[in-house]
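Step one of this worksheet: look at the structure below.
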Amino acid sequence: MPDYRTTLFWSPSQQAGQDGNSQLSFYTSDQEGLYQINIQAMSNNGELGSATAFLKVSKKQ
């Protein structure tokens, strides 16, 4: 059955390591297209940050 979700991944409790980086993995949709990635974060002292990127999903070759 095809996967047509529009929200592909949600992790409200993702934590960064001591180096400030974090790694995650997730499955993409079966629907080809360009997906917008929105990242929002808050530091331990309440500073807010955000970033936007794009991910292209295409047929497996």
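The values are calculated or read from the model by the stated rules, or taken from the named source; none is laboratory data. This one's a predicted model, so the numbers in the text were calculated from it and none came from an experiment. Neighbour counts run over all protein chains shown; Cβ positions are idealised from the backbone, glycine included.
Just a few scattered comments:
- Residues that are among the hydroxyl-bearing types (Ser, Thr, Tyr) and more than 16 Å from residue 42 (Cβ to Cβ) within segment 12-29 comprise 25, 27, 28, 29, listed in sequence order.
- Scanning segment 25-47 for residues that are out of contact with any Gly (no Cβ under 9 Å at 6 or more places or on another chain), farther than 13 Å from residue 4 by Cα and polar (S, T, N, Q) returns 25, 36, 38, 44, 45.
- Looking only at segment 1-47, and only at residues there that are part of a loop (DSSP other than H, G, I, E, B), closer than 22 Å to residue 59 by Cβ and among the hydrophobic types (A, V, I, L, M, F, W, C), the one that is farthest from the chain's Cα centre (by Cα): 1
- Meets criteria (among the small types (Gly, Ala, Ser) and touching a Gly at 6+ places or on another chain (Cβ under 9 Å)) for residue 11: no
- Filtered by the rule that a residue be exposed (fewer than 10 other Cβ atoms within 10 Å of the Cβ) and at pLDDT below 85, segment 26-43 gives 26, 27.
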